[in-house]
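Below is one structure, written out as structure tokens, with a few remarks after it.
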Amino acid sequence: MYSPRDARSFGDDAPDLLAVLRCPRCGGALDLAAHAVACAACPALYPRDGVIRFVDRAAYAESFGLQWKAFPQVQLDGEQLADSERRLRRETGLEPADLRGRLVLEAGCGMGRFLDVVSRDGAALAVGVDLSAAVDAAAENLGARPNVLILQGDIFRLPLAPGSFDVVYSIGVLHHTPSAEQAFRTLVPLVKPGGTIAISVYAATVKPGVGWALNMFRRRFLRAFTRRLPKRAILWWARYAVPVFWVIDKVPVVRYVRYFFPVLLYRDYPLSWSVLDTFDTYATELESRHRPKEVFRWFREAGLVDIDLLDSDDGWVSVRGRVTGG
Ligand SMILES: C[S@@+](CC[C@H](N)C(=O)[O-])C[C@H]1O[C@@H](n2cnc3c(N)ncnc32)[C@H](O)[C@@H]1O
Ligand SMILES: [Zn+2]
């Protein structure tokens, strides 16, 4: 178990942390209480046990709690692989110089793979918020770091003060909510004047050609069944079936049998990544896909400037922009 860090994080720098937080029910300021934060304006009390918990139900995001607790470290950067850092840079354009000494928010932090990089880049404070029990994995991975704060909260009712952050980003999250556009709109007011916002969502159009179109159709078709199955059954399937297909994939011709099953295989990554992403893809309740021009429009309509479409991996639409002023 991780050791709860909230006592320390609400130490000398307590006023700064509390300045960033707001009661999601009434918008009031929050004060420190025993094992909780308390609203100064209404009776709300939010528990803190290493994570400050503003919601007690993960709703449609329940599968992610299971996912990140089952695979808390698979995608964390290590000596062998630094894919999270590669993706953070590519999908947000954020370099260490943009993050050092800054107040940064990740919306939908999961087990903290990107927050890990932001914290190592020297952010003054890296706040991760997630709706699901993934926050427990994030706290376990990063909770001991002095510049990390993990919150369990909902993007649609964020427990955060407007205009608090130099940088807000979200990778692989908004398309798993009931409305990616609405979710994006809730994030914009959190950015300080002159600050940056970057999001990365699933692309509606991937690559030209029949191969990708077939793959998308297959994914949609299979997901129509799998997302209704008990999450633990899909976890079991991912854990035990994916290694079998991993072996079959090495056999010529026979290997194509995998296209009839809900399985995702990445040849260039360790097997555990395929197990994790098979669960991620087929257990997730909600999934939407977006076109670059659509995401560009969200940024334009939100009044953002310096909007840029980033050169991210196929399958992703990654856009960043800046709030005017500052
Ligand atoms: C595919 S995971 C991505 C996590 C992390 N960004 C990453 O790429 O590793 C999507 C995450 O979004 C979170 N999520 C979905 N809806 C949310 C909401 N309304 N508020 C906060 N987090 C949400 C889920 O709980 C889940 O951990
Ligand atoms: Zn309140």
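The values are calculated or read from the model by the stated rules, or taken from the named source; none is laboratory data. On a predicted model such as this, the values are computed, not experimentally measured, just so you know. Positions of Cβ are backbone-derived with ideal geometry, glycine not excepted, and every protein chain shown enters the neighbour counts. What goes into the accessible areas is simple: the full protein's heavy atoms, side chains included, and nothing from ligands, DNA or RNA. Shrake-Rupley method; radii C 1.70, N 1.55, O 1.52, S 1.80 Å.
Quick notes on this one:
- Cα-based Kirkwood hydrodynamic radius, segment 223-326, one decimal, Å: 16.5 Å
- Under 19 Å from the Cα of LYS293 - aspartates and glutamates, other chains or at least 8 residues apart: GLU91, GLU181, GLU301, ASP306, ASP308, ASP311, ASP313, ASP314
- For GLY195, the amide hydrogen comes within under 5 Å of the amide hydrogens of VAL323, counting only partners 5 or more places away or on other chains and with H modelled in the peptide plane.
- Mean separation of Cα contacts under 8 Å (6+ apart) over length of the chain, as relative contact order %: 18 percent
- Sites counted here are chymotrypsin sites (Phe, Trp or Tyr not before Pro) in a DSSP loop (not H, G, I, E or B) having no more than 15 other Cβ atoms within 10 Å; the longest part of the chain that contains none of them is 1-155.
- Using only the C-alpha atoms, the convex hull of segment 127-240 corresponds to 155 Å³ per residue.
- More than 24 Å apart - percent of Cα-Cα pairs taken over the chain: 55 percent
- Accessible area (Å², 1.4 Å probe, nearest 10) - LEU309: 90 Å²
- Alpha-carbon Rg/Rh ratio, for segment 210-283, with Rh computed the Kirkwood way: 0.95
- For segment 52-127, the list of trypsin sites (Lys or Arg not before Pro) that fall in a loop by DSSP and count at most 14 other C-beta atoms within 10 angstrom reads ARG57, ARG100.
- Segment 210-283, relative contact order in percent, only Cα pairs under 8 angstrom and at least six apart counted: 41 percent
- Restricting the trypsin sites (Lys or Arg not before Pro) of segment 239-326 to loop positions (DSSP other than H, G, I, E, B) with no more than 14 neighbouring Cβ atoms within 10 Å leaves LYS250, ARG267.
- For segment 262-296 versus segment 174-226, the spacing of their alpha-carbon centroids is 11 Å.
- Qualifying lysines (Cα of each under 27 Å from Cα of LYS250; at least 8 residues distant if same chain): LYS207
- The chain: antiparallel DSSP beta bridges as a percent of all, rounded to 5: 50 percent
- Net charge over other residues, Cβ less than 13 angstrom from the Cβ of TRP298 (K, R count +1; D, E count -1): +3
- Candidate cross-link partners of LYS231 among the lysines, defined by an alpha-carbon separation under 20 Å and a same-chain spacing of 8 or more, comprise LYS69.
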